1. I'd like to know which of ALA75, TYR93, LEU28 lies farthest towards the positive end of the charge dipole of the chain, counting +1 on Cβ of Lys and Arg and -1 on Cβ of Asp and Glu.
2. Could you please rank LYS7, LYS171, placing first whichever residue has the fewest other Cβ atoms within 10 Å of its Cβ?
3. For LYS15 and VAL139, calculate 0.36 nm times their separation in residues minus their Cα-Cα distance, and state this gained length in nm to one decimal.
4. Rounded to the nearest 20 Debye, what is the dipole magnitude of the chain about its Cα centre when Lys and Arg each give +1 and Asp and Glu each give -1 at the C-beta?
5. Scan around LEU45 for amide H atoms under 5 Å from its own, H built in the peptide plane at 1.01 Å from N, and keep only partners 5 or more places away or cross-chain.
6. Each residue of segment 9-16 in order: what ³J(HN,Hα) in whole Hz does its phi give by Karplus 6.51 cos²θ - 1.76 cosθ + 1.60, θ = phi - 60°, with x for Gly and Pro?
7. For the chain, what does the helix formula give at 222 nm: sum of -39500 (n - 2.57) over DSSP H segments with n ≥ 4, over the residue count, nearest 500 deg cm²/dmol?
8. Relative contact order of segment 93-176, please, whole-number percent, based on alpha carbon pairs below 8 angstrom and at least 6 residues apart.
Amino acid sequence: MDLETLKYPIGTFKKPEHFDASQIHAYLQTIIDFPHLLQKEVGLLSDEQLDTPYRPEGWSIRQVVHHCADSHMNAFIRFKLALTEEKPTIRPYQEALWARLADSRMPVSASLKLIEGLHQRMAELWKNLSDTDLQKRYVHPQYQTEYSLAEAMALYDWHSRHHLAHITGLKKQKGW
């Protein structure tokens with residue numbers, strides 16, 4: 001398998017041109033399902049398996065799980081900022097450096113618990129977004145881009161499926 005496919009097993013994120021209720025519902029369903037699917041894929045893996053990178057020079061499965069917790073915590077805060085402030089500028093973070101910190105080497109159980117609770121809260125927040133809320137925006141200074149909350153929902157739907165595919169792809173490749 002080529003490196004690009006290993007990096008982006010479901011393809012790169014493509015922002016939808018338009019959003020409808022069925023898409024929004026699908027994004028919500030991904031957020032609801034992700035904690036269970038992630039637990040199912042990593043819950044029985046050994047430490048050796050968890051410490052296996054999904055691609056050459058890529059993160060280990062353990063780092064991917066911790067990254068999902070980090071990323072989705074940031075997403076939750078970004079949503080709350082956009083809902084309570086006028087077009088806030090969010091704070092980016094150095095995800096590659098975060099993935100090297102000591103907490104990214106601990107058991108995945110802590111992040112799995114965090115993701116479970118966080119996604120319950122995200123789902124409750126997302127279920128109650130009005131059409132007006134979905135148009136609220138935040139500014140990402142690193143990309144010099146504004147994201148509507150509908151776009152951010154699409155992004156974190158993709159992000160969940162993207163990293164789950166890293167894990168399932170490696171498991172399939174290794175016959176686990």
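Quick note: the coordinates plus some simple rules give every number you see, no bench work behind them. All of these numbers come straight from a predicted model, not from anything done at the bench. Using ideal geometry, Cβ is built from the backbone for each residue, glycine included, and neighbour counts are taken over all protein chains shown.
1. TYR93
2. Values: LYS7 13, LYS171 17.
If I rank by nearby Cβ atoms, fewest first, I get LYS7, LYS171.
3. Between LYS15 and VAL139, full extension yields an extra 43.1 nm.
4. Numbers: 21 positive and 22 negative charges, 45 e Å.
Using only the charged Cβ atoms, the result is roughly 220 debye.
5. Result for LEU45 returns nothing.
6. x, 10, x, 6, 5, 10, 5, x
7. Details: 8 runs with 109 residues, N = 176.
So the calculated ellipticity at 222 nm is -20000 deg cm²/dmol.
8. Numbers: 23 pairs, mean separation 10.8, N = 84.
13 percent.
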